[in-house]
Amino acid sequence: MLDINGKKAQAESMKILIVEDDDRIAKPLAEDLRHQHHAVDIAFDGIEGWDYAQATEYDLILLDLMLPRLDGISLCKRLRTNKSNALVLMLTAKDTTTDKVIGLDAGADDYLIKPFELEELAARIRALSRRTPEVKPPILTYGKLKLDPNNGEVSYADNLVCLTPKEYLILEYFLRHPQQILTRSAILEKLWEFDKFSGEGTVKTHITNLRSKLRNAGSPDNLIETVYGMGYRLGAIDN
């Protein structure tokens with residue numbers, strides 16, 4: 001797997017659902033978003049998109065307007081009726097004011113006209129993430145541990161730590177929830193794609209590797225500690 005250090009990252013990793021029936025658009029889009037350290041699922045029609053949204057919680061849904069079985073407007077209304085808090089970015093080939101208004105009135109947070117550049121989509125996602133009420137610090141710190149979401153760098157006591165993309169996501173998740181005990185199932189739910197089989201043993205393996213890399217940079221053994229029968233949490237801060 002590729003080392004993420006030095007690569008541009010989003011302000012915060014997100015769990016994203018793409019609902020798009022054209023795999024020539026959906027698959028390259030998903031790949032690009034995964035390179036930006038997001039966890040991404042793809043649904044190819046409106047009903048499948050609804051099923052995915054019911055099965056797991058997403059931070060962002062990229063929703064095509066024209067979909068088989070259930071169109072994007074109807075799906076968006078259904079999501080909002082069922083109190084979904086996911087950000088919804090509508091993707092539409094219809095560049096008319098009426099269609100934009102209908103999409104926004106249905107509960108979409110923003111819209112993007114196809115075809116679009118991936119850089120523009122990334123900028124829209126960053127703008128949407130800033131609308132959330134919680135203000136995220138630009139650099140996440142925990143004692144001597146630092147994670148910079150702007151460039152993907154992780155360090156302990158100023159020693160760079162080279163992580164795989166999944167290890168980076170796990171560490172970021174801990175740093176954004178420093179007081180919480182995180183179960184293996186919660187980590188799977190947040191950071192793994194829905195359609196990729198992964199057992200809880202996979203989480204254990206990744207955390208073991210993450211601990212080893214942090215220790216090599218000088219961290220204490222209990223920086224990520226096991227709470228037996230419950231999960232994991234960040235340990236006592238070593239200043």
What number of residues within the range 8-39 are aliphatic (A, V, I, L, M), buried (at least 17 other Cβ atoms within 10 Å of the Cβ) and under 11 Å from the mean Cα position of the chain (by Cα)? 5
Taking the stated definitions as given, is THR183 open to solvent by less than 60 Å² (accessible area, probe 1.4 Å), in contact with a Phe, Trp or Tyr (Cβ under 9 Å, 6 or more places away or on another chain), under 30 Å from ALA53 (Cα atoms) and of a type outside the set (Lys, Arg)? yes
In the list ASN239, ASN150, which residue meets the criterion of being more than 23 Å from the chain's Cα centre (by Cα), surrounded by fewer than 19 Cβ atoms within 10 Å (Cβ to Cβ) and either modelled with pLDDT under 90 or closer than 26 Å to ARG126 by Cα (or both)? ASN239
From LEU191, LEU210, LEU175, LEU169, grab the single residue that is at pLDDT 95 or above, open to solvent by less than 80 Å² (accessible area, probe 1.4 Å) and aliphatic (A, V, I, L, M). LEU210
Over the range 40-67, the set of residues at pLDDT below 90 and open to solvent by less than 40 Å² (accessible area, probe 1.4 Å) is THR56
Is it true that LEU163 is open to solvent by less than 10 Å² (accessible area, probe 1.4 Å) and modelled with pLDDT of 90 or more? yes
Yes or no: LEU140 more than 23 Å from ARG78 (Cβ to Cβ), open to solvent by less than 40 Å² (accessible area, probe 1.4 Å), modelled with pLDDT of 85 or more and of a type in the set (A, V, I, L, M, F, W, C)? yes
Inside the range 40-88, can you point out the residues that are among the aliphatic types (A, V, I, L, M), farther than 13 Å from GLY103 by Cβ, touching a helix residue (DSSP H, G or I) at 6+ places or on another chain (Cβ under 7 Å) and not in a loop (DSSP other than H, G, I, E, B)? VAL40, ILE42, ALA43, ALA53, LEU60, LEU87
Filter the range 77-100 down to the residues that are of a type outside the set (Val, Ile, Thr) and under 19 Å from VAL40 (Cβ atoms) and list them by number. LEU79, SER84, ASN85, ALA86, LEU87, LEU89, MET90, LEU91
Are any residues in the range 69-127 touching a strand residue (DSSP E or B) at 6+ places or on another chain (Cβ under 6 Å) and open to solvent by 70 Å² or more (accessible area, probe 1.4 Å), and if so, which ones? ASP95
Give the number of residues within the range 150-167 that are over 18 Å from ARG215 (Cβ atoms) and among the acidic types (Asp, Glu). 1
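Let's see how each residue does on (1) in contact with a His (Cβ under 9 Å, 6 or more places away or on another chain); (2) more than 19 Å from HIS38 (Cβ to Cβ):
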{"residue": "TYR52", "(1), (2)": "no, no"}
{"residue": "GLU57", "(1), (2)": "no, no"}
{"residue": "LEU60", "(1), (2)": "yes, no"}
{"residue": "PRO68", "(1), (2)": "no, yes"}
{"residue": "ILE73", "(1), (2)": "no, yes"}
{"residue": "VAL88", "(1), (2)": "no, no"}
{"residue": "ASP105", "(1), (2)": "no, yes"}
{"residue": "ASP110", "(1), (2)": "no, no"}
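The values are calculated or read from the model by the stated rules, or taken from the named source; none is laboratory data. All figures in this text were calculated on a predicted structure; none of them were measured in a lab. Every residue, glycine among them, receives a Cβ derived from its backbone with ideal geometry; neighbour counts consider all protein chains shown. The accessibility values were calculated without ligands, DNA or RNA, using every heavy atom of the protein model including side chains. Shrake-Rupley method; radii C 1.70, N 1.55, O 1.52, S 1.80 Å.
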